[in-house]
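Novice: Pasting a structure here, questions to come.
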Amino acid sequence: MPGSIEIKNLRNIRKLRFNIPDRGVSLLTAGNGAGKTSLLACLRRIGHSSAFPIHFPVSLQSDKLDNHSNGTITYEVNGNSVEYAYRGERWTPRPRKYANLFEQFGYASVTYIGASAERITPRPEDFDTRHVRGAEEAIKKAANEIFETEKFKELRSINLSPGVGNDAFVLALGTSPQTYHSEKHFSLGELCVLKLLRLLHGVANNSMIIVDELEMALHPRAQLRLLRYLEKQAAEKSLTIVFSTHSVTLLKCVNRRQIIYLEKQDDGEITPIYGCYPTFALGNIASDEEALPDWLLYVEDQFARDVLRAFFEKFARDKFANPTEQPNVKIVPVGGFKEVVTFFTRNKSVMPNQVVQVAVLDEDVKSETVAEWTKNSNHAQLAKFQALGSNLKYLPFTPEVGIMDHVSKNRQTFEKALRSYFRDNLLRISTFADKYESSLSGKSKRDSAKNSLGELIAYIGDRTQTPSETVRDGLCGVFANLTWASYKKDFMPLFASML
């Protein structure tokens, strides 16, 4: 047996003992609240030391909020075990002599991948066509097979930071002179699969790959072809691939021995059912109305996601006296605003009618792009947006600009709030506020805001030893807390219109 994980008193889990599956592809499924996401985080910890603070962030403002002090996670392999628990400041092991127990699981590496919209777009000064090289043939072939196309024959890559592996994909257009499409022109599904293919191509034998609901960005036919490819790679490289899913297509098309269903008991204990019959899993998921979110909101990037989520929490606290009455919301970063609209248009019919789907774009799209289309009578582009009707909303600001505008005008207040949130009274933000050129407009202002905010996040992450995604989430939460009174008039009608 490869080993096991036992989770106690963490989030919705009273107790879950999970035997890690052996080599091959396993589909992990469950209704909402059954511990699937928490379990994936614990699997990720086997190879990622920051998995716990990323997936189980602790509130630094109240010990009554997001408190994991009663939770324990025990790993067992080869007759040895180690227990991790949050003991005041960080997750620590007991006994400490087994802190290196993860090495005994025998995985060459452990990698987590989800439907991330993070795109790498070369700047003009970075893009030297002499440095463009062909993508691996195996990646191009697999991408063409999964998406039933031939366009990825022209896939290329470019390393933007020599020596650190910061590769970006580009697609050659066959022009003379040669021109390229950057990653921002790929669909969310294409980009996610390409990143997964690149990972699988380079991964060592006997590795673990954790795939979190990647099928959400894919057409059912592509889902199935991706699954078959993963099965083939797992067999060839002796990989352990755990793919979490709610996909009816995938659950119907695999051998039942590959399905692991997490069944939640009334007392909070979770029982894994290994080799679950598809009809049992699908029947339980279908009967659980929370298997799908009530609202599915598509945004441009992770910053928009974190800001929107922070303001939704403020809205929910004001609107719903009883937390059980509030909708379950999933916010999905897709890419550029055109990609968001295209993705929404193509996928709105995939979800059942009871799932509210809305595209929420940054403010600059409305004030600059749409305004320019209107001025120039660009009816073709305007028609695509108008077709979305009430399913298209706008944030009252562009996230990075909104935050930096507030920071530049309220330095001391924001600095004080950051110090309190991150528990570091030596944090200083003046340097980053000074670099932000608030007098600019349009793209120049957005670029200045992104650069200043990026440096601020890196600075806080370095000082507090906090992952950048956790810092970004904290910044957005602080911003929402400080500005809710000002933006309440914008967000209340935005969210209320979806009820």
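The values are calculated or read from the model by the stated rules, or taken from the named source; none is laboratory data. A quick note: this is a predicted structure, and the numbers were derived from the prediction, not measured. Quick reminder, even Gly has a Cβ in these numbers, built from the backbone with ideal geometry, and neighbours come from all protein chains shown. With ligands, DNA and RNA removed, areas are computed over all heavy atoms of the protein, side chains included. Shrake-Rupley method; radii C 1.70, N 1.55, O 1.52, S 1.80 Å.
Novice: Under 1.5 on a/c is rounded, so check that first for the chain, then, if it is not, pick prolate when a/b is larger than b/c and oblate when it is not; a ≥ b ≥ c are the square roots of the alpha carbon gyration tensor eigenvalues.
Specialist: Working: a/c = 1.39, a/b = 1.16, b/c = 1.20.
Taking the square roots of the gyration eigenvalues as a ≥ b ≥ c, the chain is rounded.
Novice: Follow-up question, since we're still on this one. Summing Lys, Arg as +1 and Asp, Glu as -1, what charge do residues with Cβ under 13 Å from the Cβ of F385 carry, F385 excluded? Can you show the working numbers first?
Specialist: Numbers: positive: K338, K366, K384, K393; negative: E372.
After counting each charged neighbour, the total is +3.
Novice: Another question, if that's okay. Where does the chain land at 222 nm, in deg cm²/dmol rounded to the nearest 500, when only DSSP H runs of n ≥ 4 count, each adding -39500 (n - 2.57), divided by all residues?
Specialist: One gets -12500 deg cm²/dmol as the mean residue ellipticity at 222 nm.
Novice: Take each uninterrupted DSSP H stretch in the chain, measure its Cα extent along the helix axis, and return the ones at 20 Å or beyond whose mean Kyte-Doolittle hydropathy is at least -1.0. Let's see the in-between values first.
Specialist: Values: long enough: 188-202 (22 Å, 1.16); 220-237 (26 Å, -0.98); 302-319 (25 Å, -0.59); 442-464 (33 Å, -0.87); 468-496 (31 Å, 0.14).
Passing helices, by number: 188-202, 220-237, 302-319, 442-464, 468-496.
Novice: Show which lysines lie in cross-link reach of K384 when reach means a straight Cα distance below 26 angstrom and same-chain residues fewer than eight apart are skipped.
Specialist: Straight-distance partners of K384: K151, K184, K330, K338, K348, K366, K375, K393, K443.
Novice: Right, here's the next one. Per residue, how much accessible area does the chain show when a 1.4 Å probe rolls over the protein heavy atoms, in square angstrom? Walk me through the numbers on the way to the answer.
Specialist: Numbers: 23910 Å² over 499 residues.
Result: 48 Å² per residue.
Novice: Roughly how many percent of the accessible protein surface of the chain is carbon and sulfur, given a 1.4 Å probe and a whole-percent answer?
Specialist: Ligands and nucleic acids excluded, carbon and sulfur give 46 percent.
Novice: Please give the contour-minus-distance gain from S69 to T413: 0.36 nm per residue of separation, less the Cα-Cα distance, rounded to one decimal in nm.
Specialist: My answer for the length gained is 120.8 nm.
Novice: Further, regarding this structure: Given 0.36 nm per residue, what is the gain on full extension from N159 to Q381 after removing their alpha carbon distance, in nm? Before the final figure, lay out each step's value.
Specialist: Numbers: separation 222, 0.36 × 222 = 79.92 nm, distance 3.36 nm.
That pair, N159 and Q381, stretches by 76.6 nm at full extension.
Novice: If packing is taken as the average number of other Cβ atoms within 10 Å across a peptide's residues, how do 77-89, 362-374 rank, most packed first?
Specialist: Sorting 77-89, 362-374 by mean packing, highest first, produces 362-374, 77-89.
Novice: Label segment 234-339 by shape, choosing from rounded, prolate and oblate, from the square roots a ≥ b ≥ c of the eigenvalues of the Cα gyration tensor; if a/c is under 1.5 it is rounded, and otherwise prolate applies when a/b is larger than b/c, oblate when it is not. Could the numbers behind the result be given before it?
Specialist: Working: a/c = 2.56, a/b = 1.44, b/c = 1.77.
Oblate.
Novice: If you stretched the chain out fully between I113 and T92, how much longer would it get, using 0.36 nm times the residue separation minus the C-alpha to C-alpha distance?
Specialist: Numbers: separation 21, 0.36 × 21 = 7.56 nm, distance 2.51 nm.
Here the answer is 5.1 nm.
Novice: Using +1 at the C-beta of Lys and Arg and -1 at the C-beta of Asp and Glu, which of T74, G474, Q258 has the Cα lying farthest in the positive direction of the dipole of the chain?
Specialist: T74
Novice: Please label the shape of segment 406-499 as rounded, prolate or oblate, based on the square roots a ≥ b ≥ c of the eigenvalues of the alpha-carbon gyration tensor (a/c under 1.5 means rounded; beyond that, a/b larger than b/c means prolate, else oblate).
Specialist: Since a/c reaches 1.5 but b/c is at least a/b, the shape of segment 406-499 is classed as oblate.
Novice: Place a +1 charge on the Cβ of each Lys and Arg in the chain and a -1 charge on the Cβ of each Asp and Glu, then give the dipole magnitude about the Cα centre in debye, rounded to the nearest 20.
Specialist: So the dipole magnitude of the chain works out to roughly 240 debye.
Novice: Compute the signed sum of charges (Lys and Arg +1, Asp and Glu -1) over the other residues within less than 11 Å, Cβ to Cβ, of Y98. Spell out each step's value before the answer.
Specialist: Numbers: positive: R94, R96, K97; negative: E76, E83, E103.
With Lys, Arg at +1 and Asp, Glu at -1, the net is 0.
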